1. Counting DSSP beta bridges with both partners in the chain, what percentage is antiparallel, nearest 5?
2. Give me the one-decimal nm value for the distance between modelled label points at residue 4 and residue 115, 7 Å along each residue's Cα-to-Cβ direction.
3. Compute log10 of I(q)/I(0) for the chain with the Debye formula, placing one identical point scatterer on every Cα and leaving out solvent, at q = 0.15 Å⁻¹, to two decimals.
4. If you plug each phi of the stretch 109-115 into the Karplus form 6.51 cos²θ - 1.76 cosθ + 1.60 with θ = phi - 60°, what whole-Hz ³J(HN,Hα) values come out, in order, with x for Gly and Pro?
5. What is the gain in length, in nm to one decimal, between residue 58 and residue 30 on full extension, counting 0.36 nm per residue of separation less the C-alpha to C-alpha distance?
6. Relative to the longest principal axis of the C-alpha atoms of the chain, give the angle of the C-alpha long axis of helix 118-132, reported between 0 and 90° and rounded to the nearest 10°.
7. Using a/c under 1.5 as the rounded threshold, could you call the stretch 106-151 rounded, prolate or oblate? The axes a ≥ b ≥ c are square roots of the C-alpha gyration tensor eigenvalues, and prolate needs a/b larger than b/c, oblate otherwise.
8. Stretched out fully, how many nm does the piece from residue 144 to residue 72 gain, at 0.36 nm a residue minus the Cα gap?
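Where a number appears in this text, it was derived from the coordinates with a stated rule and is not lab data. Keep in mind that this is a model prediction, so the values were computed, not measured. Note that each Cβ is placed from the backbone with ideal geometry, even for glycine, and that neighbours are counted across all protein chains shown.
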Amino acid sequence: MSLQDQLPQITQGAVAWAQAHAARIAKDGESLSPKLIGLAKKVGVLQPELIRILRVPTVPFPEEPMLREAARQTGLVDGETAGLTLGHGIYVVSRHETVRLLSHEFRHVHQYEAHGGIAGFLEAYLRQIVAVGYSDAPLEIDARRHERTRC
Ligand SMILES: [Zn+2]
């Protein structure tokens, strides 16, 4: 079965995984400094005060085999992943933390807000990634276009 055929099931699993991790980040993450609130607003975030960042040594990877395989095949999460945004929660690998990375992840927060939350965003995002790949997904292109090198 192709990833395309498995997409509804993959999306369902990804949403559950993302919601659980978003809850963990909401509980254990840190809120933004005033400077970073300003950066988040500049890239379009409506509710930057809801953002929490959890700094981690590596971004967690889904354990469920089909999700793992989908994440690997699409390049969505791999050993090199420096940041991952799940709703208003952001995992950041401490040694890779830069203004550029944060502005990129904040733009994904804006996208989650625009899609009405985790399920709405992931449905669109995973559909794009399966169709054209991670680098060419319009939501990734949009996030790259909003990267900034300073607050
Ligand atoms: Zn991205």
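1. Of the beta bridges lying entirely in the chain, close to 50 percent run antiparallel.
2. Distance between label points: 2.0 nm.
3. For the chain, the Cα-only Debye profile gives -0.72.
4. In residue order, the calculated couplings are 4, 4, 5, 4, 4, 5, 9 Hz.
5. Result for the pair: 8.4 nm of gain on full extension.
6. 60 degrees
7. Oblate.
8. Roughly 23.8 nm would be gained on extension.
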